[in-house]
Amino acid sequence: MRLYRSVIIGSGGYLPEKVVTNEELASSVNTSDEWIVARTGIRRRHIAAENETTSDLGRLAALDALSDAGVEASSIDLIVLATTTPDSTFPATAARVQAQLGMTKGAAFDIQAVCSGFIYALGIADNFIKLGQAGKVLVIGAETYSRILDWTDRSTCVLFGDGAGAVVLSAEPTNGESSERGVLSTHLHSDGRFYDLLYVDGGVSSTQTTGHLRMKGPEVFRHAVTKLAEVVWEALKANDLTIDDIDWLVPHQANKRIIDGTAKKLDLPADRIILTVEDHANTSAASIPLALAQGSKDGRIKPGQIVLCEAIGGGLSWGAAIIRW
Ligand code: UT7
């Protein structure tokens, strides 16, 4: 039996043109730049144009990642797209992206794990590759959260933004040596008992409406720091690594205070963290691939380095991935 590993050969991102600052938000809801920066680290976010959908964002991020990888869309045999804000109830947003990329073969499907979506999608794609069922995979995180925000609720509407990120995975033969590039492991968790801490109050089978995002922020915050540190320790242990082996933490970008709190618990210095939350806000499933693309393209993340990703979101669902870039 041949064994494969999933090497990231390209990454990319796309952010809508329109930028909304905290000051601009403060003109429509009772908030301030000072409060948002102090409590979250967010200064601005990108918001999709009226005619821009999640598949548009996903396609543009995918094209950027394909170009970075130097491969044609026709060589991709699987698209796994993580989103909580699909274009339509069905078909999958991934199928639309597949067609828009000109692909006529392979499989394309969506997965839904809210802010942990990218880690889940990466885990699924990695397993397809390890089993020899896919040779080149596009993993996309794409979101238009602006469509599900209650713009009168200051406790949530200031926190999110729109965007998409993508990576291209390539199946490379493995000889099991720890110095090889590729996804080393992924670790996925969920606990549905916490469903009501972060959810959308609408849906096909319940209200037949799209609904709006609702969150018990402080409770999610408390779960976040503990569960993220735990899943990181689980991932390190599985690979026989310590936090000193980690070159870059690329966390889900929900709140700088969560990232700082988790890093403190892990004893990880701030100069080894890729941060985008200030400029992107929380883009849910898109936040990690956007940050990976940024860190890779600006030269901080280099081939061979060890990258740790972690995320938590609605479900609650959380997870971590360790990648030798
Ligand atoms: O992506 C996945 C998961 N999501 C998260 O990870 C989010 C987790 N939670 C958080 O990031 C934080 O809990 C928030 C940023 C949502 C809130 O920060 P907090 O420090 O936990 O504030 P709080 O909710 O305890 O609110 C403190 C005060 C309240 O006023 P009172 O009751 O103390 O008078 C809120 O009404 O701040 C008020 N407040 C605001 N004030 C100005 C809430 N939102 C705002 C706002 N502007 N936008």
Approximate spin-label separation T174-E17, in nm, with each point projected 7 Å along Cα-to-Cβ: 4.4
Nearby lysines by direct alpha-carbon distance to K105 (threshold 26 angstrom, same-chain neighbours under 8 apart not counted): K130, K136
Cα Rg, Dmax, the range 4-173, angstrom units: 17.2, 56
Cβ-based exposure ranking for I140, I129, I246, in which fewest neighbours within 10 Å come first: I246, I129, I140
Gain upon complete extension [D196, Q305; 0.36 nm per residue less C-alpha separation]: 35.4 nm
Per-residue Cβ neighbour rank within 10 angstrom, fewest leading, K265, K256: K265, K256
Rounded to 5, the percent of DSSP beta bridges in the chain classed as antiparallel: 70
Length added when fully stretched, Q100-T207, from 0.36 nm per residue minus Cα-Cα: 35.4 nm
Mean Kyte hydropathy of -1.0 or more with a Cα span along the axis of at least 24 Å, helices from DSSP in the chain: 217-238
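Listing F118, F90, F128 from the residue with the fewest other Cβ atoms within 10 Å to the one with the most, what is the order?
Taking fewest neighbouring Cβ atoms as first place, the list is F90, F128, F118.
With runs of 4+ DSSP H residues as the only contributors, calculate the mean residue ellipticity of the chain at 222 nm using -39,500 (n - 2.57) per run, divided by the residue total and rounded to the nearest 500.
-9500 deg cm²/dmol, from helical runs alone.
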Longest to shortest principal axis, alpha-carbon extents of the range 41-104, angstrom: 38, 29, 20
Spherically averaged projected area of the chain from its Cα convex hull (nm²): 15.7
Residues of type lysines that K256 reaches as a straight line, Cα spacing below 20 Å, ignoring anything fewer than 8 places off in the same chain: K216, K227, K264, K265
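Values in this text are rule-based calculations from the coordinates and carry no lab data. Model, not experiment: these values are computed from the prediction. Note that each Cβ is placed from the backbone with ideal geometry, even for glycine, and that neighbours are counted across all protein chains shown.
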